[in-house]
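A.B. asks: Below you will find the structure I want to go over with you.
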Ligand code: TRH
């Protein structure tokens, strides 16, 4: 069985561990890979996967070996594939072990060019990058970067929206599961302890940063003239929402009614349940990277709040996505979608009426977009092929 080590440093929020956790589970479940996930913040992992015990240094969960990444890092044999997620720096001791094992392998190869090394040959070190729809990603995906002073090199692996990138995370059965739930969603509403939507009601999930103009959006929904039900999993935006509702706090199970708006507070959901929430809502407000991708697989209209970056680099990222996403979308619907994103991402007054009048067109487009993305190979399978191409086969021993 081939072993992979995945390293995740949680910067803030849940996106870094959200991506690493999905990837780890998929590699274990679909490829039989022995994944060891090193994460420095187990509490964040526990939020998205309640089966994880944040007090344990080592545990197995959903087919993945979860290890608390603390210093000093233990002495151990590095895996055949080493994934450094989002440029997190690998532990020095681990890099030193990679260096000495690579030197031994080279020495053995020199001694006996025809024999496979006792350590099983090559190792691939990959830096898994953040997702962007920008054009330059295609040119950088797969590039190698030699270490400045050690005899090691790592590859840059970029997720993306085209066949020339690393693709997007998508489990084998994801779309079939989504279709089944969307065909009959009553059980899911019941699971969330919520009533099924009534005809004419727009159900919307809301996951955003506290910088979003939430008050303006809630005002727009309250006065929209048609029923809107907003489902809000517990998040930082809750304080702002409570303030808007004139309450000192809101907790899961609470509900607020203002004009046309019914606001229902949900607990922070396990990752699989959050997916299901996206599948059953008519429109999903998402953020960052992982919820943004999952909302695309939900094949429902979405509104993305991008993670703020230094030097306003996020503006280009947002534009790049919108210009890809809007291809093939009717001009008036595309204009409404872009205007809505601009105001949502810049603290403006999102015009819900102007946006949602196109909901039928936006719905058809969201389904077509998901279908188009599903034509490309998914990120895990691309990563496995990439490692095979660079010398780590499915059967390499660790
Ligand atoms: O939490 P985020 O803002 O993460 C961000 C981004 O990834 C950003 O690119 C990165 O630089 C920054 O973190 C450090 O948003 P994101 O990416 O959508 O991740 C949220 C995760 O939380 C995702 O895996 C879905 C999950 N989630 C649940 O499991 N349950 C829930 O109830 C909700 C609302 C989210």
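A.B. asks: Multiply the residue separation of residue 393 and residue 234 by 0.36 nm, subtract the distance between their alpha-carbon atoms, and state the gained length in nm to one decimal.
C.D. replies: Extra length available between residue 393 and residue 234 comes to 53.0 nm.
A.B. asks: Take the alpha carbon atoms of the range 12-65, find their center, do the same for the range 239-288, and report the distance between the two centers in whole angstrom.
C.D. replies: Cα centres, the range 12-65 to the range 239-288: 26 Å.
A.B. asks: When the label point is put 7 Å from the Cα of residue 272 along its Cα-to-beta-carbon vector, which residues of the range 46-60 have a backbone N closer than 17 Å?
C.D. replies: 46-53, 60
A.B. asks: Further question on the same structure: How do 136-142, 272-278 rank on mean C-beta neighbours within 10 Å, highest first?
C.D. replies: Sorting 136-142, 272-278 by mean packing, highest first, produces 272-278, 136-142.
A.B. asks: Follow-up question, since we're still on this one. Label points 7 Å out from Cα along the Cβ direction at residue 96 and residue 324: separation in nm?
C.D. replies: Simple spin-label model gives 4.1 nm for this pair.
A.B. asks: Provide 189, 369 in ascending order of the number of other Cβ atoms located within 10 Å of each residue's Cβ, fewest first.
C.D. replies: Ordered from fewest to most neighbouring Cβ atoms within 10 Å, 189, 369 come out as 189, 369.
A.B. asks: If packing is taken as the average count of other Cβ atoms within 10 Å, what order do 208-215, 229-236 fall into, highest mean first?
C.D. replies: Averaged packing, sorted descending, gives the order 229-236, 208-215.
A.B. asks: Using a Förster radius of 22 Å, what is the FRET efficiency between residue 30 and residue 372 based on their Cβ-Cβ separation? Nearest 0.05, please.
C.D. replies: 0.45
A.B. asks: Next question, about the same structure. Taking Cα pairs under 8 Å and at least six residues apart, what relative contact order does the chain come out at, in percent?
C.D. replies: 17
A.B. asks: In degrees, nearest 10, range 0 to 90: what is the angle between the Cα axis of helix 379-389 and the longest Cα principal axis of the chain?
C.D. replies: With rounding to tens, the tilt is 20 degrees.
A.B. asks: Here's a follow-up. What residue among 258, 349, 123 shows peak mean-square fluctuation when the chain is described by a Gaussian network model with Cα springs under 10 Å?
C.D. replies: 258
A.B. asks: Using the beta-carbon distance between residue 106 and residue 257 and R0 = 56 Å, what value does 1/(1 + (r/R0)^6) give for FRET efficiency, to the nearest 0.05?
C.D. replies: 0.20
A.B. asks: Taking the C-alpha atoms of the range 174-373, how large are the radius of gyration and the largest Cα-Cα span, Dmax, in Å?
C.D. replies: Cα only, the range 174-373: 15.9, 45 Å (Rg, Dmax).
A.B. asks: Percent of Cα-Cα pairs per 20 Å bin, from 0 to the last occupied bin, for the chain, please list those.
C.D. replies: Per 20 Å bin, starting at 0, the Cα pair percentages come out as 26, 54, 18, 2.
A.B. asks: Cα centroids of the range 120-179 and the range 201-222: how far apart, whole angstrom?
C.D. replies: 33
A.B. asks: Exposure proxy check: 321, 285 ranked by fewest other beta carbons within 10 Å?
C.D. replies: 321, 285
A.B. asks: Something else: Sort largest first and round to whole Å: the equivalent ellipsoid semi-axes of the range 132-204, each the square root of five times a Cα gyration tensor eigenvalue.
C.D. replies: Largest first, the range 132-204 gives 44, 14, 12 Å.
A.B. asks: On to the next question. List the pair-distance distribution P(r) of the range 321-398, using every Cα-Cα distance, as the percent of pairs falling in each 10 Å bin from 0 up to the bin containing the longest distance, rounded to whole percents.
C.D. replies: 16, 32, 19, 15, 12, 4
A.B. asks: May I ask for the angle, rounded to the nearest 10°, between helix 313-325 and the longest principal axis of the chain, with both axes built from Cα atoms and the value confined to 0 to 90°?
C.D. replies: Roughly 70 degrees, rounded to the nearest 10.
A.B. asks: Ok, one more. 7 Å from Cα along Cα→Cβ at both residue 226 and residue 311: what's the point-to-point distance in nm?
C.D. replies: 4.3
A.B. asks: Taking the Cα atoms only, what angle lies between the long axis of helix 331-345 and the longest principal axis of the chain, rounded to 10 degrees?
C.D. replies: Computed tilt is about 80 degrees.
A.B. asks: For residue 11 paired with residue 211, estimate the spin-label separation in nm (one decimal), with each label point 7 Å from Cα along the Cα-to-Cβ line.
C.D. replies: 1.2
A.B. asks: Next up: Hey, if you drop one equal point scatterer on each alpha-carbon of the range 66-105 and run the Debye formula without solvent, what base-10 log of I(q)/I(0) do you get at q = 0.27 Å⁻¹?
C.D. replies: Each listed q maps to, in turn, -1.12.
A.B. asks: So how long is each side of the range 250-335 along the principal axes, counting just the alpha-carbon atoms, biggest first, in Å?
C.D. replies: The Cα atoms of the range 250-335 stretch 38, 32, 27 Å along their principal axes.
A.B. asks: Once you have the Cα-Cα distance between residue 177 and residue 55, take 0.36 nm times their residue separation minus that, and quote the gain in nm to one decimal.
C.D. replies: Difference between extended and current length: 40.6 nm.
A.B. asks: Another question, then. Given the DSSP H assignment, sum -39500 (n - 2.57) over each helix run of at least 4 residues in the chain and divide by its residue total; what's the result at 222 nm in deg cm²/dmol, nearest 500?
C.D. replies: Computed ellipticity for the chain at 222 nm equals -12000 deg cm²/dmol.
A.B. asks: Suppose the chain between residue 195 and residue 359 were pulled fully straight at 0.36 nm per residue; how much longer would it get relative to their current alpha carbon spacing?
C.D. replies: 56.8 nm
A.B. asks: By average Cβ neighbour count within 10 Å, what is the ranking of 22-35, 166-179, 191-204 from highest down?
C.D. replies: Highest to lowest by the protection proxy: 22-35, 166-179, 191-204.
A.B. asks: Counting DSSP beta bridges in the range 174-373, what percent are antiparallel, to the nearest 5?
C.D. replies: 20
Computed from the coordinates by the stated procedures, all read-outs in this text should not be read as laboratory data. Because the structure is a prediction, the values reported are computed rather than measured. Neighbour counts run over all protein chains shown; Cβ positions are idealised from the backbone, glycine included.
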